[in-house]
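Reading through the structure tokens given below for one structure.
The values are calculated or read from the model by the stated rules, or taken from the named source; none is laboratory data. Since this is a predicted model, take the numbers as computed values, not measurements. Quick reminder, even Gly has a Cβ in these numbers, built from the backbone with ideal geometry, and neighbours come from all protein chains shown.
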Amino acid sequence: MMWHAYAASPIGDLLLIAAGDGLLEVHFPPATPPATSMPDDARLAPVIRQLDEYFAGMRTRFDVPLALRGTPFQIEVWRALQRIPYGETRTYAAIAREIGRPAATRAVGAANGANPIPIIVPCHRVIGSNGSLTGFGGGIDVKRRLLALESGARLPLHDGSGAAER
């Protein structure tokens, strides 16, 4: 059984999908829930609350059960992403070294890109070796905004039209 809910955020309504063992996915807008999931705001209320706190600048770590589904290598990378402190970044090469596979920089990039739970598993904190902001499922502008939020900036409210209010 799967459940879904939407979490309003400054970057648009995030679609949350959970199973009995925890949060499975976070999708950037626009997103449609799978036909096999049932709406359940109450079940996903702790995730919604923690995302609200994150976007308000009051939460630096998430404490919700995650149901990570991936290869052993992907899960190893996603666990390493969770260890990147709030407000800091790491390079793909640094993550590869941290997991003991220094030659696996590209594979780390692929695992980072396959992260099904962005923001909570903070793949936005991974940057290129030259400091560039590289690909991100929510787009480079959203990645830039999330990093700015973590450095103390307040994000403008989202007006629901696909563009943030200025």
Tabulated pairs, region 66-79, first under 17 Å from ALA94 (Cβ atoms), second polar (S, T, N, Q) and not in a loop (DSSP other than H, G, I, E, B), C-beta under 9 angstrom, 6+ apart or interchain: VAL77/ASN112; TRP78/ASN112
Starting from residues that are out of contact with any helix residue (DSSP H, G or I) (no Cβ under 8 Å at 6 or more places or on another chain) and polar (S, T, N, Q), keep the ones in region 100-148 and report whichever is farthest from LEU51 (Cα to Cα). ASN130
Taking the residues in region 25-44 that are in contact (Cβ under 8 Å) with a residue 60 or more places away in the chain and surrounded by 21 or more Cβ atoms within 10 Å (Cβ to Cβ) as candidates, determine which candidate is nearest to HIS124 (Cα to Cα). VAL26
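For (1) modelled with pLDDT under 95; (2) hydrophobic (A, V, I, L, M, F, W, C); (3) touching a strand residue (DSSP E or B) at 6+ places or on another chain (Cβ under 9 Å), each residue gets a yes or a no:
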position: MET2; (1), (2), (3): no, yes, yes
position: ALA7; (1), (2), (3): no, yes, yes
position: LEU16; (1), (2), (3): no, yes, yes
position: GLU25; (1), (2), (3): no, no, yes
position: PRO34; (1), (2), (3): no, no, yes
position: PRO39; (1), (2), (3): no, no, yes
position: ALA42; (1), (2), (3): no, yes, yes
position: PRO46; (1), (2), (3): no, no, no
position: ARG61; (1), (2), (3): no, no, no
So the helices (runs of 4 or more DSSP H) completely within region 47-166 holding 3 or more residues that are buried (at least 20 other Cβ atoms within 10 Å of the Cβ), over 14 Å from the mean Cα position of the chain (by Cα) and outside the structural domain of PRO30 (by TED's automatic domain parsing) are 92-98
Condition first: part of a loop (DSSP other than H, G, I, E, B), within 25 Å of ALA111 (Cβ to Cβ) and within 13 Å of the chain's Cα centre (by Cα). Can you find one or more residues in region 33-44 that meet it? no
